[in-house]
1. Looking for something outside any helix (DSSP H, G or I), among the acidic types (Asp, Glu) and farther than 23 Å from residue 57 by Cβ - is there at least one such residue anywhere in the stretch 110-129?
2. When residue 49 is evaluated against the numbered criteria (1) exposed (fewer than 12 other Cβ atoms within 10 Å of the Cβ); (2) modelled with pLDDT of 85 or more, which criterion, by number, is the only one it fails?
3. Going by the structure shown, is residue 70 farther than 30 Å from residue 116 by Cα, touching a residue at least 24 places away in the same chain (Cβ under 8 Å) and in a helix (DSSP H, G or I)?
4. Consider the stretch 83-104. How many of its residues are loosely packed, with under 10 Cβ neighbours inside 10 Å and not polar (S, T, N, Q)?
5. Looking at the stretch 78-95, can you tell me whether even one residue there is part of a helix (DSSP H, G or I), touching a residue at least 60 places away in the same chain (Cβ under 8 Å) and hydrophobic (A, V, I, L, M, F, W, C)?
Amino acid sequence: MQYLADAGIIVPEEIPSDQDSVPLDFTRLSNRGIGHLQSRYAVRHAHAIFNAAKVADDVAVLKRELRMEKAQFRMRHKEEKVNVVQAMMEDDDEIVKLETKLLEVESRRAILDAVASGYADLRDAASREITRRLSERAAVD
């Protein structure tokens, strides 16, 4: 969760219940209130997507580094049998370090994707309410 705080991502767990709430029934909000809600979550969604893209780049870089390290390891031990080399890789400090870092970064990506999805859901719900109100107003006019 520290990573999210460092990136400036606001997650529901961090928001005190008296500061930011999302009503279950958007129809009770004023036009200004629904617009404010839609804008707030659109900005949060964009910020979360930006950070998710940065983390996805980190994942790609780490995967490449891990593939290269494993290939170099196999080249250094090409006289050994494949299954022996595989077992030896599990004890190699550099490979283990890269695999651990990759796991950590992939978990960050999963968390950011989930947060971004939650923001998108709220933004979309507010947008649907705005569209509903506009269509009702057009039908009356």
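The values are calculated or read from the model by the stated rules, or taken from the named source; none is laboratory data. Just so it is clear, the structure is predicted and the values come from calculations on it, not from any experiment. Here Cβ is always computed from backbone atoms with ideal geometry, including for glycine, and neighbour counts include all displayed protein chains.
1. Scanning the stretch 110-129 turns up no residue that is outside any helix (DSSP H, G or I), among the acidic types (Asp, Glu) and farther than 23 Å from residue 57 by Cβ.
2. In the conditions (1) exposed (fewer than 12 other Cβ atoms within 10 Å of the Cβ); (2) modelled with pLDDT of 85 or more, residue 49 misses (1) alone.
3. Yes.
4. So the count comes out to 3.
5. Of all residues in the stretch 78-95, those part of a helix (DSSP H, G or I) come to 82-89, 93-95.
Those left that are additionally touching a residue at least 60 places away in the same chain (Cβ under 8 Å): none.
Looking through the stretch 78-95, none of the residues is part of a helix (DSSP H, G or I), touching a residue at least 60 places away in the same chain (Cβ under 8 Å) and hydrophobic (A, V, I, L, M, F, W, C).
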